[in-house]
Every structure is written in C-alpha cells, then in structure tokens.
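First up is the structure itself, then whatever we jot down about it.
The values are calculated or read from the model by the stated rules, or taken from the named source; none is laboratory data. Note that this is a predicted model, so its numbers are computed, not measured. Every residue, glycine among them, receives a Cβ derived from its backbone with ideal geometry; neighbour counts consider all protein chains shown.
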Amino acid sequence: MPRERAASGLERTARLLDLVPYISSHQGISVKELGEVFHTSENHLVEDLTTLWMCGLPGYTPLELMEISFESGYVTIQNAQTLQRPRALSKDEALSLILGLNALHDQVSTENPSVALEINALINKLSNVVGSSITSRISNTDEVSASIRSTLIDAISRRQRVEITYHSIARDSVTTRTILPLDSQINNEVEYILAFCEHSHSHRTFRLDRILSARRSETPMTEKSLNEMSDEIGKLPASISISSRHRDVNEILNIQIPAGNVSGSFQVNIEVFSQDWLTRAVMSLGGAATVSQPLAASVAQRASKALLGYEI
C-alpha cells in the first residue's frame, strides 16, 4: 500500500487547532474514529496528539500544558479551555460556503421557503467574516431559474421525462426536445444536466443556464428510444485507480470507498454511458484518480490540449 501523503505545515497546524475543540466536545472518542473524522491515518493522528501534549500557556509547566490521554486507544483532553472554541473561518473558507449556500438557496427557494430563510440567515452570518461589500458582488454563474432546476432535479430522482427549450450557442438556435435527465454536475462553476435526448437518440450534456423552460412530460418514452437508451447505457467499461481525495471521488464518480480504506489506494471497475463525461470527471480530480485503457489516451490527449493553453 502506498504511503499516505504527508500534510503540509499549514494543513497540520489547521488540523491541530481543529482537534482540540473537537476532542473537547467528543471526550472518549477512539483514535480510529478520530482519524476517520479528520481523514488521516492513526499514526499521523498519534503524532498530532503527541504534539498537543506539549502545548499550553506560557510557563509550560504541568499546570499550563494541556492534558491529553490516548494510550488506551480512546482520547480525552483536559486543561484546554483557551482552545475549546473552533477556529474562525478564513475568508476563502467563508466565500466557498457562501457560494455553496447561494446555489442551495436557488434550489430550495420555491418548494421550501422556510429552509431558504434559514440559508439566508447563515449567509448573513458568514458575510460578517468576508465583509458585506464583497458578498454583495458574489455571483455563482449565469442566472438559472429555481423552478427549472427543481423540475430537472426532481425528474432525475423520479426518472421522469422532461420537455425542455434549449438555446444552443454553437448553432445559435433554440430547439424543443424531450429528455430523460440522468444526473447533474458542476464543472468550472457551470451546472450541467446529463440526459438521454430523444431528439438525437443518444446521451447529451446540457448547460443548465441555457435551458429556457422545462416541464414534465406525461407521454411515455417510445419503444425505440427505450431500446436505444438501453443499448447505450453501461456499454463503456473503465478501470479507475483512486489514490486520494476519496470524498471528491465519491461525489463526482459515485464510487463507494471500501470499508476501512480511509486513506489507502484501491481500484474499481465501472461502466459509464459517456466517454467525454468520464474524461472530464477524471481530469477534474487532478491526479487523485487515474483511468486505464481504453480511456487513458483520451484523458492524456485532453490534458495535453489544456497544457498548450498555458504554453507549457
């Protein structure tokens, strides 16, 4: 098994500051569970706990140092009152949360107004960290109708067909087509809907901000479209090797992490319906996941084209 990547000084310092308040509110937590919470190995966690053992207020006698016990495999901490509160968010962290909350607000504002009010309250609190002058200028992407997004997300969960009006920039035309939405994703801050399109009889990717209207279709899919979709789905096998960023891999590729393999590497075989989608997904993970043949060449070619843009 490959060695776990060593954390940078800043990453480890942030983890040390986060460990104290977490342990204070979770007295008696096991070393194993604590390592899983902080996405690190037990060995690295023991090194962190040993470091905290020597931390405290000036004077650095047993009266001022924190008291940490973990030899039994369970962690407790005493005399840590000065660090019991979680550290404040940085501006970058607060901005990331605000952007995510804005996107979530757009999705629930129509159907769950009470939840939308709670999200607004959180955004206002976070605005105090970065300043209202900055948050007032924050914009996620082009405006997307909350009702359109809600209709498509609901159709994905219910496996329902949707009639959409779509503006194609490449052709500079507006078309009406019936699709079966399969998944949604965000790439470079742009939302996309992955769907089977009855108009083209194949899988297509639609930018959400270019969907002008969307309504559920009560007409069942034709037998021809069902057969074509069945022929395409799951026809592209791929072998994926995952080395890090397991949570991101799970969210983007929908790959479950094997039990007990929090920080190790593993390989899985999957089937996808779109080579272009898998190529973009693997590239977005920045080396945390690699794909073998037959798609390795496609990923390498796309990466080479991207590097040309930087004249490397």
Practice task
Report yes if some residue within the stretch 34-49 is within 26 Å of residue 125 (Cα to Cα) and of a type in the set (Asp, Glu); otherwise report no.
Solution key: no
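Given the residues 50, 61, which is the only one that is without any contact (Cβ under 8 Å) to a residue 40 or more places away in the chain, farther than 25 Å from residue 88 by Cβ, not in a loop (DSSP other than H, G, I, E, B) and not assigned by TED's automatic domain parsing to the domain that holds residue 267?
Being without any contact (Cβ under 8 Å) to a residue 40 or more places away in the chain, farther than 25 Å from residue 88 by Cβ, not in a loop (DSSP other than H, G, I, E, B) and not assigned by TED's automatic domain parsing to the domain that holds residue 267 holds for just one of 50, 61, which is 50.
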Practice task
Of all residues in the stretch 5-24, count the ones that are in a loop (DSSP other than H, G, I, E, B) and free of Cβ contacts under 8 Å to residues at least 60 places away in the same chain.
Solution key: 3
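Look at the stretch 277-298 and say how many of its residues are in contact with a Ser or Thr (Cβ under 6 Å, 6 or more places away or on another chain), part of a helix (DSSP H, G or I) and more than 20 Å from residue 182 (Cα to Cα). Lay out the reasoning, then the answer.
Residues of the stretch 277-298 in contact with a Ser or Thr (Cβ under 6 Å, 6 or more places away or on another chain): 279, 288, 290, 292, 298.
Subset that is part of a helix (DSSP H, G or I): 279, 298.
Restricting the remaining residues to those that are more than 20 Å from residue 182 (Cα to Cα) gives 298.
Residues in the stretch 277-298 being in contact with a Ser or Thr (Cβ under 6 Å, 6 or more places away or on another chain), part of a helix (DSSP H, G or I) and more than 20 Å from residue 182 (Cα to Cα): 1 in total.
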Problem - Within the stretch 38-78, considering residues that are at pLDDT below 85 and either of a type in the set (Gly, Ala, Ser) or within 19 Å of residue 28 (Cβ to Cβ) (or both), the one nearest to the chain's Cα centre (by Cα) - result: 53
Fill in the blank from the handout: For the stretch 70-86, pairs from a residue that is in the same structural domain as residue 17 (by TED's automatic domain parsing) to a residue that is of a type in the set (D, E, K, R) and modelled with pLDDT under 90, with Cβ under 6 Å and 6 or more apart or across chains, are 78/67; 79/67
Problem - Scan of the stretch 178-202 for residues that are at pLDDT 80 or above and acidic (Asp, Glu), ordered by number - result: 183, 191, 198
Exercise for the section: Hey, can you tell me all the residues within the stretch 166-189 that are β-branched (Val, Ile, Thr) and either within 19 Å of residue 254 (Cα to Cα) or loosely packed, with under 15 Cβ neighbours inside 10 Å (or both)? Expected result: 169, 174, 175, 176, 186
Fill in the blank from the handout: A careful count of residues in the stretch 79-103 that are closer than 19 Å to residue 29 by Cβ and surrounded by 15 or more Cβ atoms within 10 Å (Cβ to Cβ) gives 2
Problem - Which numbered condition residue 171 misses (of (1) at pLDDT 85 or above; (2) over 12 Å from residue 211 (Cβ atoms)) - result: (1)
Exercise for the section: Among the numbered conditions (1) more than 18 Å from residue 12 (Cβ to Cβ); (2) part of a helix (DSSP H, G or I); (3) in contact (Cβ under 8 Å) with a residue 12 or more places away in the chain, tell me where residue 27 comes up short. Expected result: (2)
Exercise for the section: Taking residue 21 as the residue in question, decide whether it is out of contact with any Cys (no Cβ under 6 Å at 6 or more places or on another chain), under 30 Å from residue 131 (Cα atoms) and surrounded by 15 or more Cβ atoms within 10 Å (Cβ to Cβ). Expected result: yes
Practice task
Would you confirm whether any residue within the stretch 37-44 is under 27 Å from residue 288 (Cβ atoms), in contact with a helix residue (DSSP H, G or I) (Cβ under 6 Å, 6 or more places away or on another chain) and in a helix (DSSP H, G or I)?
Solution key: yes
